[in-house]
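Heads up: the structure comes next, in structure tokens.
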Amino acid sequence: MKITTTLIAMLLAWPLMGQAAIGSMAVEENRNATAVKADTTTTDTNQQKATDEKKIFSNPETMPQFPGGTKALAKYLSTKIKYPQEARKAGAQGRVILSFIVGADGSISNVKTLKSVHPALDAEAIRVIKAMPKWTPGRQNGKNVRVKYTIPVNFKMPTGTIVDPQAYKAWKEYMKAQSDSIKAARQQRAANSKKAAKQAAEPK
């Protein structure tokens, strides 16, 4: 509420009333200032809370955990994964590395492939990770937080699998392309880092 602090005519006609009015306005202004300060503090607290809820930790005080622990997770993966026929045909095997977010409520989201082995194996690994039950969430400063988690999913060819030579050749070419892409990305990061260091060392 906007308060008029200059009531010249009133102050000239009724000095005592004017003094009372000034005192009243001063009190009201102080109340308003206190209210504004309280609102600002509440807003800052809400903004900080919203920021904390959106923040993703990689190494919180307490890491999230699959129900039952590491052994239960390994058992879950071994029993739930189904070897794709397409990958069997190509003789594809190896370690798919995935990352995902364990939410403050333990839910799984943002599942991504960090290291690919074969499109069919990648898709199967993602399917199984997305189907996981809720985890025990990670904690930071006594609160549940969102945590980025990385996990390897190993695929080993079943014994006696018949491999198609053409499919196997295509898979090997796929793996080489993946390797070349990773190598190029590393070289680019190294070049960028070297360039940044050189720029930082140059006199301003």
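The values are calculated or read from the model by the stated rules, or taken from the named source; none is laboratory data. In this text, all values refer to a predicted model and were calculated from it rather than measured experimentally. All Cβ positions, glycine included, derive from the backbone under ideal geometry; neighbour counts span all protein chains shown. What goes into the accessible areas is simple: the full protein's heavy atoms, side chains included, and nothing from ligands, DNA or RNA. Shrake-Rupley method; radii C 1.70, N 1.55, O 1.52, S 1.80 Å.
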Q. How about region 57-94: which of its residues are within 16 Å of Y149 (Cβ to Cβ), in contact (Cβ under 8 Å) with a residue 40 or more places away in the chain and surrounded by fewer than 16 Cβ atoms within 10 Å (Cβ to Cβ)?
A. S58, E61, T62, P67
Q: Would you check if V145 is closer than 16 Å to A87 by Cα and among the β-branched types (V, I, T)?
A: no
Q | Enumeration of residues in region 156-204 that are in contact with a strand residue (DSSP E or B) (Cβ under 9 Å, 6 or more places away or on another chain) and either among the basic types (K, R) or exposed (fewer than 10 other Cβ atoms within 10 Å of the Cβ) (or both) | A | K156
(Q) For region 108-124: of the residues being outside any helix (DSSP H, G or I) and charged (D, E, K, R), which is least open to solvent (accessible area, probe 1.4 Å)? (A) K115
Q. Within region 143-173, how many residues turn out to be of a type in the set (A, V, I, L, M, F, W, C) and either under 27 Å from T62 (Cβ atoms) or in a loop (DSSP other than H, G, I, E, B) (or both)?
A. 7
